[in-house]
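Shown next, in structure tokens, is the structure this report addresses.
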Amino acid sequence: MEPKEQLTYNFEEIETRHQKNWEENALFTTTEDSDKPFYYVLEMFPYPSGRIHMGHVRNYTIGDVIARFKKMNGFNVLHPMGWDAFGLPAENAALKHKTHPAKWTYENIDYMKKQLRRLGLSYDWSREIATCDPSYYKWEQLFFIKMLEKGIVYRKKSTVNWCESCQTVLANEQVEDGKCWRCSEEVINKELDGWFFKITDYAEELLSYCDKLTNWPDKVISMQKNWIGKSAGAGVVFNLVGSEKKIEVFTTRPDTLYGVTFVCLSVDHPLVEILLKDNPVKNEAEEFIRNVKLIPAEIKFGETLEKDGFFTGKYVVHPLMDVEIPIYLANYVLIEYGTGAVMGVPAHDTRDFQFAKKYSLPIKTVIIPEDNSIDPDNLADAYTENGIMINSNGFNGLSSIDVKEKIINCLEKAKLGNKEITFRLRDWGISRQRFWGTPIPIIHCPNCGIVPVPEKDLPVKLPLNMEIDEKGRSPLHTSEEFYKVSCPLCNATGRRETDTMDTFVESSWYFARYTCPQDENTALAKESARKWLPVNQYIGGIEHAILHLLYSRFFTKVLRDIGYLEIDEPFEKLMTQGMVLKDGAKMSKSKGNVVDPDLMIKKYGSDTIRLFILFAAPPERDLEWSDHGIDGSHRFIQRVWRLVTGNIEELSVNYPEDLFKMDILPGNLKKIRRKTHQTIIKVRDDLEKFHFNTAISALMELVNELYGVINTENNKVDKAKWAVIKEAVTNMILLLSPFVPHLSDEMWLILGRTGSVSNQAFPVGDKEIAREDEIIVAIQVNGKLRGEVNVPAGADENEIKTLALSDPRIQKHIEGKAIKKIIFVPGRIFNIVV
RNA sequence: GCGAGAGUGGCGGAAUUGGUAGACGCACUGGACUUAGAAUCCAGCGGGGUGACCUGUGCGAGUUCAAAUCUCGCCUCUCGCACCA
């Protein structure tokens with residue numbers, strides 16, 4: 001390009017000026033009185049941890065592109081932002097800095113909000129919410145009470161991590177190698193009363209609706225389905241020898257019933273105490289139980305737990321055979337799942353096989369594969385497939401699949417079992433012995449028992465005048481000022497519930513509150529909810545694929561059933577974005593590979609970061625941060641900037657349309673127009689599919705072609721040429737605007753237009769202009785590329801055949817061989833098989 | 001361990017879903033411009049071979065005229081696992 005006096009690209013000045021302009025004109029403030037179709041796009045709100053990290057930048061940039069794209073397509077777009085403000089880190093920080101969690105949290109919110117604004121994200125800030133605000137959690141407390149009335153909330157015991165020396169409950173995160181993270185004392189399990197949400201009541205619906213979530217990624221759906229874990233099988237009763245008592249087990253493999261050689265109980269099973277009464281092995285058994293109970297939750301449910309067992313000396317009777325079967329205690333049987341007891345079939349279950357080998361228990365094969373490929377008397381490993389029954393009384397020779405039903409029938413006749421469906425999903429324990437969370441609105445009265453706080457007394461506010469103690473314990477448990485209250489029913493002195501709710505509760509309904517964030521009369525205004533919900537597009541990290549999304553789905557159904565919402569599912573479409581990595585690993589302080597968005601904004605500006613993060617990888621994949629890569633994005637932006645500012649004179653002229661009609665243009669300009677419209681079509685299409693990286697590379701190609709024509713055609717007064725370039729540049733600015741909104745708005749002004757590009761319509765390409773009139777068809781011989789021919793777009797097989805057979809390269813490869821077959825894929829491949 | 005993904009040049013990635021592998025960008029190399037550097041512009045760039053060609057999408061088989069894409073069997077990495085959010 002010719003050297004010419006140009007405006008410098010001062011991104012800091014340009015970006016802050018346009019941000020100010022958008023805000024002053026309330027460009028992204030959304031109201032409900034609009035004739036346009038409604039569209040709700042939401043990104044998962046952040047925890048106010050202190051500063052924005054690159055994962056946030058990525059998440060919010062993706063959402064912003066969609067919000068801006070939809071707005072330009074004529075939608076009334078709701079695009080809100082808020083703060084998931086309760087949680088453990090605030091308590092830790094408060095402890096460290098001797099301050100109140102609220103102070104720390106709100107300071108973080110202030111700072112992070114500035115950072116988000118500086119990124120030029122098109123949020124409607126008038127709808128901002130923070131979940132730690134009483135005006136938010138008040139409604140959550142009300143939901144809790146309504147759920148209690150409905151029987152969706154109940155109380156039961158559960159096991160927590162407990163540190164004896166700190167006298168406090170620990171989160172899994174606070175347990176390091178089975179030890180307390182503060183004092184390194186061994187962590188033990190402790191039983192505690194707590195509140196539970198009956199998510200299992202919704203298991204069937206949560207599962208069946210998975211199939212209606214057709215715009216969710218398959219991987220998330222299958223993770224959710226597996227998490228809910230429906231399995232059909234049988235409940236089987238084993239009567240205790242010499243006792244009225246019985247052990248009930250659940251099995252998905254009733255067909256293996258004749259292969260049972262032992263039964264295992266969880267150490268928490270209620271029968272254990274009875275079995276051990278006056279038992280000679282009582283002491284050893286109790287030692288075993290103590291050891292199992294010491295296994296911290298993180299190891300018990302995960303990692304490689306070494307299978308361990310203990311023989312009780314007691315037996316049960318097989319329900320369909322006259323055989324006595326030994327009862328073991330086992331560390332791998334969980335009281336939380338099924339009945340807390342399992343039947344051991346070593347021949348057909350891998351875990352049972354290991355267990356039987358370890359304790360020299362018999363291994364009885366009852367199913368063999370049809371091809372007889374295993375030796376039933378000497379198994380090398382458990383055979384877990386279906387097959388043909390053996391050693392099973394009247395069922396021998398039948399298929400194991402058919403036998404399931406038949407054995408259940410036998411059990412039903414004998415009144416020793418029945419068909420059963422179980423779920424892996426457990427009820428959601430929401431009690432936390434923490435300070436910085438939503439107080440549970442309950443009063444424990446010595447006379448009346450459990451009494452909900454009356455609605456008029458809500459919210460139960462979290463006191464701002466107390467501090468977390470040096471062991472990290474919640475002051476609510478010890479503060480009379482907080483817990484000493486009189487019972488609303490009988491006026492007796494009661495004790496306020498001092499536990500708070502799991503922070504997942506707040507994030508399970510925030511998306512709905514954005515539709516009426518300031519409403520003081522109700523949690524959710526019906527009319528607003530009806531207009532906006534469900535969220536049309538939800539975007540967030542894949543790490544939330546199960547818990548947050550499942551809880552939100554559950555909560556939506558609960559809110560429907562207690563009369564607040566009219567929808568069944570919260571999120572119509574879901575996009576899960578990958579992580580931002582540096583040097584192949586997740587960014588973390590401990591690894592020292594953190595890239596600070598603030599520094600990047602200072603060095604390159606927001607548009608460059610946005611562009612790079614969208615260009616460097618498709619959104620659902622992990623993104624490798626590259627300091628060189630971001631230079632490339634910055635270079636592209638400047639290249640675009642020079643393209644406009646360096647040719648401002650020519651681009652400011654208004655060219656009449658008949659100057660650049662396709663049929664009068666020379667080939668090179670025709671090519672530019674064609675490319676322009678192909679790019680419009682491609683970018684629009686890619687945006688619909690979230691293929692931001694390829695949309696951007698298409699725009700790069702267009703810019704490269706424009707430079708090509710400007711550099712090679714030196715005739716500065718060629719009006720047709722500049723008319724074509726102006727069409728391309730104008731569309732380019734519009735197409736770029738969702739990605740780099742500040743740059744686009746600035747170039748729009750430079751070209752003499754007014755207002756923000758975000759108020760313009762997104763371009764629609766002309767298919768006629770975009771159509772290629774000549775195409776290249778690859779010629780293959782036996783599937784190998786041997787040449788190519790240039791043909792008019794509509795060329796038929798015969799034309800291509802003539803050209804192909806006359807090509808000397810092709811002739812060389814088919815010479816002296818008979819043509820067996822010709823495969824022709826129009827517009828692509830012409831394959832000669834010889 | 002269980003569940004779910006991913007694997008393509010030196011690097012990030014593309015490939016119309018079975019049809020010319022490597023678009024676009026980074027890095028690198030050469031050239032132009034410049035007193036010099038920066039910036040910019042132009043060209044080259046999977047590996048082997050002077051060449052025609054051969055070879056190549058984690059590994060090993062298979063289906064097909066044709067496989068990065070489909071099937072089977074492995075390997076490696078990442079995420080989630082219920083009190084981190």
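Residue by residue, here is whether (1) away from RNA strand B (no atom under 14 Å from the Cβ); (2) touching a Lys or Arg at 6+ places or on another chain (Cβ under 6 Å) holds:
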position	(1), (2)
A:PHE571	yes, no
A:GLY578	no, yes
A:LEU581	no, no
A:SER590	no, no
A:LEU599	yes, no
A:ASP607	yes, no
A:ALA617	no, no
A:SER626	no, no
Quiz item: If you check A:ILE562 against the conditions, is it under 21 Å from the mean Cα position of the chain (by Cα) and among the aliphatic types (A, V, I, L, M)?
Solution: no
Quiz item: Somewhere in the stretch A:43-60, is a residue open to solvent by 10 Å² or more (accessible area, probe 1.4 Å), aliphatic (A, V, I, L, M), at pLDDT 95 or above and closer than 24 Å to A:PRO439 by Cα?
Solution: yes
Exercise. Using the structure shown, decide if A:GLY592 is modelled with pLDDT under 95 and either touching an Asp or Glu at 6+ places or on another chain (Cβ under 9 Å) or under 23 Å from A:TRP227 (Cα atoms) (or both).
Key: no
Practice problem: Test A:CYS166 against the stated conditions and say whether it is open to solvent by less than 50 Å² (accessible area, probe 1.4 Å), assigned to a loop (DSSP other than H, G, I, E, B) and in contact with a strand residue (DSSP E or B) (Cβ under 7 Å, 6 or more places away or on another chain). | Solution: yes
Exercise. Scan the stretch A:201-216 for residues that are away from RNA strand B (no atom under 12 Å from the Cβ) and part of a helix (DSSP H, G or I) and report the count.
Key: 10
Exercise. Take the stretch A:222-238 and flag every residue that is within 12 Å of RNA strand B (Cβ to nearest atom), among the small types (Gly, Ala, Ser) and within 24 Å of A:ASP255 (Cβ to Cβ).
Key: A:GLY229, A:SER231
Self-check item: Condition check for A:LYS219: within 14 Å of RNA strand B (Cβ to nearest atom), surrounded by fewer than 17 Cβ atoms within 10 Å (Cβ to Cβ), part of a strand (DSSP E or B) and modelled with pLDDT under 95
Solution: no
Self-check item: Filter result for A:TYR514 (hydroxyl-bearing (Ser, Thr, Tyr), closer than 15 Å to A:PHE45 by Cα and away from RNA strand B (no atom under 16 Å from the Cβ))
Solution: yes
Quiz item: Picking from A:LEU294, A:LEU257, which residue would you name as being at pLDDT below 90 and away from RNA strand B (no atom under 16 Å from the Cβ)?
Solution: A:LEU294
Self-check item: Every residue from the stretch A:80-105 that is touching a Cys at 6+ places or on another chain (Cβ under 8 Å) and either more than 12 Å from RNA strand B (Cβ to nearest atom) or more than 18 Å from A:THR500 (Cβ to Cβ) (or both)
Solution: A:ALA102
Quiz item: Is there a residue being more than 16 Å from RNA strand B (Cβ to nearest atom) and either within 30 Å of A:ARG473 (Cβ to Cβ) or open to solvent by 10 Å² or more (accessible area, probe 1.4 Å) (or both) anywhere in the stretch A:538-559?
Solution: no
Self-check item: A:ASP469, sole failed condition from (1) more than 14 Å from A:GLU497 (Cβ to Cβ); (2) touching a residue at least 12 places away in the same chain (Cβ under 8 Å)
Solution: (2)
Quiz item: For the stretch A:175-194, what are the residues that are of a type outside the set (Gly, Ala, Ser), more than 10 Å from RNA strand B (Cβ to nearest atom) and open to solvent by less than 60 Å² (accessible area, probe 1.4 Å)?
Solution: A:CYS180, A:CYS183, A:VAL187, A:ILE188, A:ASN189
Quiz item: If a residue has to be open to solvent by less than 10 Å² (accessible area, probe 1.4 Å) and under 14 Å from A:ASP519 (Cα atoms) to count, how many in the stretch A:106-139 make the cut?
Solution: 2
Self-check item: Subset of the stretch A:781-834 [part of a helix (DSSP H, G or I), exposed (fewer than 12 other Cβ atoms within 10 Å of the Cβ) and small (Gly, Ala, Ser)]
Solution: A:SER806
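The values are calculated or read from the model by the stated rules, or taken from the named source; none is laboratory data. As the structure is a computational prediction, the values presented were derived from the model and not from experiment. In this analysis, Cβ positions are derived from the backbone assuming ideal geometry, glycine residues included, and neighbour counts consider all displayed protein chains. Please note that ligands, DNA and RNA were not included when accessible areas were found on the heavy atoms of the full protein model with its side chains. Shrake-Rupley method; radii C 1.70, N 1.55, O 1.52, S 1.80 Å.
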